[in-house]
Amino acid sequence: MFKAVGKKLFLGAAAALRVGLAAWALCLHVGAPAASQAPEAASPAPATCPALLNHSFLRLQDEKPQNLCQYRGQVILVVNTASYCGFTPQYKGLEAIYSKYKERGLVVLGFPSNDFAQETGSSQQIADFCESTFGVKFPMFTKTAVTGEAAAPLFKQLASDSGQKPRWNFYKYLIGRDGKFVESFSSMTGPESRSITLAIEKSLAVKAP
């Protein structure tokens, strides 16, 4: 009798061990990646993102990365700005046209730059100055090189497409809804000038692709 009971206990323990080993192996298989599995890559830009917009910059207020692909389908006015320039009051005009046309699809993108030695402040100082002095609400980014070899790829591409790099602060580039360069405007051309507003309205009239 004792032999029979012992045999049953032994067989039961062996079966429990087999189940436990099988469960352990299953956990290893599920929890660990396959040997041939490649590491997860960073999320690529949307397939519909135009090449001209496929660039990332740090947002001025909090220095969080922003990809310009988020503005695809909109009309974009790119401007290199500075806080201590004779053209600095153009911030007011830039905010005015942004406010006027944003519901129709215009976005103004400001890129503070010290390329002309007139933007020496920190990101927080620039953000505070723009908001408190001119009530700027349009998107702005951290200090960016816009000329020469150190220029950000966006500005190199805009200079190539337009045939003109920024000659001074508040140079302006207009990009259409299709993400392609439309026209550039000198620092002397104010944001609310007839030439800029006509170009903006013409671009806004085009349907997004």
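Side notes on the structure shown:
- Look at region 189-209: where a residue is within 16 Å of TYR98 (Cα to Cα) and free of Cβ contacts under 8 Å to residues at least 24 places away in the same chain, no partner that is loosely packed, with under 15 Cβ neighbours inside 10 Å and of a type in the set (Val, Ile, Thr) sits 6+ places away or on another chain with Cβ atoms under 7 Å.
- Residue in region 127-141 that is within 12 Å of VAL78 (Cα to Cα), of a type in the set (Val, Ile, Thr) and modelled with pLDDT of 95 or more present: no
- Look at (1) within 26 Å of ARG177 (Cβ to Cβ); (2) in contact with a strand residue (DSSP E or B) (Cβ under 7 Å, 6 or more places away or on another chain) and you find that ALA96 fails only one, number (2).
Table: residues versus (1) more than 18 Å from TYR91 (Cα to Cα); (2) β-branched (Val, Ile, Thr); (3) surrounded by fewer than 20 Cβ atoms within 10 Å (Cβ to Cβ).
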residue: GLY148; (1), (2), (3): yes, no, yes
residue: MET188; (1), (2), (3): no, no, yes
residue: SER195; (1), (2), (3): no, no, yes
residue: SER203; (1), (2), (3): yes, no, no
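- Which listed residue is in contact (Cβ under 8 Å) with a residue 40 or more places away in the chain and on the phi > 0 side of the Ramachandran plot, from GLY163, GLY179: GLY179
- Screening region 46-95 for strands (runs of 3 or more DSSP E) wholly inside it with 2 or more residues that are hydroxyl-bearing (Ser, Thr, Tyr) and without any contact (Cβ under 8 Å) to a residue 60 or more places away in the chain returns no ranges.
- Taking region 106-123 as the range and being touching a residue at least 12 places away in the same chain (Cβ under 8 Å) and either of a type in the set (D, E, K, R) or surrounded by fewer than 19 Cβ atoms within 10 Å (Cβ to Cβ) (or both) as the test, the residues that pass are VAL107, ASN114, ASP115, PHE116, GLN118, GLU119, THR120, GLY121, SER123.
For (1) over 14 Å from the mean Cα position of the chain (by Cα); (2) modelled with pLDDT of 95 or more; (3) not hydroxyl-bearing (Ser, Thr, Tyr), each residue gets a yes or a no:
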residue: PRO33; (1), (2), (3): yes, no, yes
residue: PRO46; (1), (2), (3): no, no, yes
residue: LEU58; (1), (2), (3): no, yes, yes
residue: LEU68; (1), (2), (3): no, yes, yes
residue: LEU77; (1), (2), (3): yes, yes, yes
residue: SER83; (1), (2), (3): yes, yes, no
residue: ARG104; (1), (2), (3): yes, yes, yes
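The values are calculated or read from the model by the stated rules, or taken from the named source; none is laboratory data. None of these values were measured; they are calculated from a predicted model. Positions of Cβ are generated from backbone atoms using ideal geometry, with glycine treated the same way; all protein chains shown enter the neighbour counts.
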